[in-house]
Amino acid sequence: SQFKNNFYMQIVVGTQSTIVTFEEGIYIGSSVGQTLSIRKYTSDGAMLPMAEHMCVDKVDRIEFSPDGSLVMCLLLSRNAVQVFSVPTESNSLGSDVWKCRINEGIAGMINACWSPCSQYILTESDYGIHLCFWSLFETTDAVHQKSSSQSKKGTGLLDNSSPSSSMYIITNPKSSAQCGSLGTHSSALYSFSPTPSGSAVESFRLAVVHRFDLQDYIAIYGPAVPSEEQPSKLQELVKFRARSNDIASVQWSLGLHLVTADSPLSYRCCVYTPAGECLLNLEAYQHALGIRCVAPPGSGGGLLAVGSFDGSARLLSVFSWQLAFELAHSVAGATGCVEGGDRSVQCWVESEATFARRRLKVLPRLSPAASAGSGALPAMGVGWLAWSSDGLLLAAKEEAHPRCLWVWRPLQARLEALLVLAEPLQCARWRPAGSVAVLAFCSSSGRVGLWREGNEGVGEEEGDAEG
């Protein structure tokens, strides 16, 4: 009931399951092999079967549309996407199901995502050949292609006679291999702007990083009024050259500015207006690994958070684009924000399935063997940042202290809470809406913890952390 008028979706990494909450209720989508199952969670705790679909191949990922009306299945082995309508209580168990299938073709497919308005799907081909923008609710049967030479690179197919699809091809997007980043996924090189509440359903913008002649460019695309010359409902609005030539990620800040970060090989964060004016070119230090993550401000916040490999999170004001705070994730850095300053930190420590207040002078660290990192990135630096829904609290994870979860109140330059888990932190998410901020987190211990703003304790729920 607390999320009745708010939508929340979170993909569970490493599994084929996802949860969506909207006005119709809580729906859970899961897959085993080729079978997609949709269930509804009822108030008495039951899982009511709503629909079951058989896909053409193994499902690699499931994602509900932002409005919760459709569900997308990504089939990487077939370079295809299958879309099904989400049933309601009056339309359940496969009756009157709308479905379609999109085939990328010989260019391959490595990712797909929804647009904010739930009417389009963006697919990404392999090797940075192109991005394809598919409209699911066009009244025309025409499939838009930029030139005849591209006619076989992406073809859209519908499995039924419902409204057909049109396509727009974005050529020469920058791929992860071109950005030279250490483990950065190519999907970070394009980003949809959030749709403001009360605005038109198609008021989104799509920012894409391009690579031409060894230079990085940023192009912004938006919906266009369809015509005989432009039937695809998408057009390029502006394109400009970026300040950097090693962009590894781009994302929107409050829908008003574009924030780019370079690969970890150097420290550079730039902020642009949609017209291409550079408002910020941040280089905190040189000759060391640089930015690891960026967290744009939430709807009610005014600070941009940048996490780096030196273990600090730098907060910049979105009004002046000046450095406001620098939060160090260590005992020495935390004591400066805690009363007393006795070189120890008061925190919540998990022990025997409970949390108790303790003071620690040394935080748990990785072993020397594990600190080298299992992937391309070393296990050091601020690897995850997330703002609460009101933008007043900031949660962080420092990779050198994988069992620690930091909660900051940046506007007061104060450490609100420090949670030390028994096992390394796997996932943490803020409550998407509400007057009181709630942070859910879990580790491999099989329990989900809940930290609440202003609460003098930490609650836990038993469960399967892997599911």
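Data overview
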quantity	calculated
Every residue from segment 27-56 that is charged (D, E, K, R) and open to solvent by less than 40 Å² (accessible area, probe 1.4 Å)	K40
Answer residue from segment 71-107, given it is at pLDDT below 90 and within 22 Å of Y221 (Cβ to Cβ) and is nearest to the chain's Cα centre (by Cα) among those	E104
Only one of P297, P274 that is open to solvent by 20 Å² or more (accessible area, probe 1.4 Å) and either out of contact with any strand residue (DSSP E or B) (no Cβ under 7 Å at 6 or more places or on another chain) or within 21 Å of S191 (Cβ to Cβ) (or both)	P274
Residue in segment 27-49 that is farthest from S85 (Cα to Cα), counting only those that are among the β-branched types (V, I, T) and modelled with pLDDT under 85	T42
Residue match in segment 396-407 (condition: on the phi > 0 side of the Ramachandran plot and at pLDDT 90 or above)	no
Odd one out for H53 among (1) modelled with pLDDT of 85 or more; (2) under 29 Å from T195 (Cα atoms)	(2)
Residue list for segment 237-253, filter: within 14 Å of Y190 (Cα to Cα) and not aliphatic (A, V, I, L, M)	K239, S249, Q251, W252, S253
Selection count where residues are part of a strand (DSSP E or B) and open to solvent by less than 20 Å² (accessible area, probe 1.4 Å), scope segment 70-89	12
Criterion (farther than 30 Å from A437 by Cβ, among the charged types (D, E, K, R) and in contact with a helix residue (DSSP H, G or I) (Cβ under 6 Å, 6 or more places away or on another chain)) met by exactly one of R243, R211, R268	R211
Residue, farthest from L421 (Cα to Cα), within segment 387-401, restricted to residues that are open to solvent by 20 Å² or more (accessible area, probe 1.4 Å) and in a strand (DSSP E or B)	W387
Boolean, G33 is within 23 Å of Q119 (Cα to Cα) and in contact (Cβ under 8 Å) with a residue 12 or more places away in the chain	no
Condition met for R414 (crowded, with 18+ Cβ neighbours inside 10 Å and farther than 24 Å from F309 by Cβ)	no
Test result for L450, closer than 20 Å to W348 by Cα, over 20 Å from the mean Cα position of the chain (by Cα) and surrounded by fewer than 21 Cβ atoms within 10 Å (Cβ to Cβ)	yes
Cβ pairs under 8 Å, 6+ apart, first in segment 183-198 and within 18 Å of T260 (Cβ to Cβ) and assigned to a helix (DSSP H, G or I), second of a type in the set (S, T, Y) and modelled with pLDDT of 90 or more	A188/S249; L189/S249
Near pairs, Cβ below 6 angstrom, 6+ apart or cross-chain, from segment 421-435 (over 14 Å from S299 (Cβ atoms)) to any residue that is open to solvent by 60 Å² or more (accessible area, probe 1.4 Å) and modelled with pLDDT under 85	E423/S444
Options A305, A313, A248, A284: the member that is within 25 Å of A386 (Cβ to Cβ) and surrounded by fewer than 19 Cβ atoms within 10 Å (Cβ to Cβ)	A284
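One line per residue, one yes/no per condition, for (1) β-branched (V, I, T); (2) modelled with pLDDT under 85; (3) in a strand (DSSP E or B):
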residue	(1), (2), (3)
A334	no, yes, no
V338	yes, yes, no
R359	no, yes, yes
A417	no, no, yes
A428	no, no, yes
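The values are calculated or read from the model by the stated rules, or taken from the named source; none is laboratory data. Keep in mind that this is a model prediction, so the values were computed, not measured. Every residue, glycine among them, receives a Cβ derived from its backbone with ideal geometry; neighbour counts consider all protein chains shown. Accessible surface areas use protein heavy atoms only, side chains included; no ligands, DNA or RNA. Shrake-Rupley method; radii C 1.70, N 1.55, O 1.52, S 1.80 Å.
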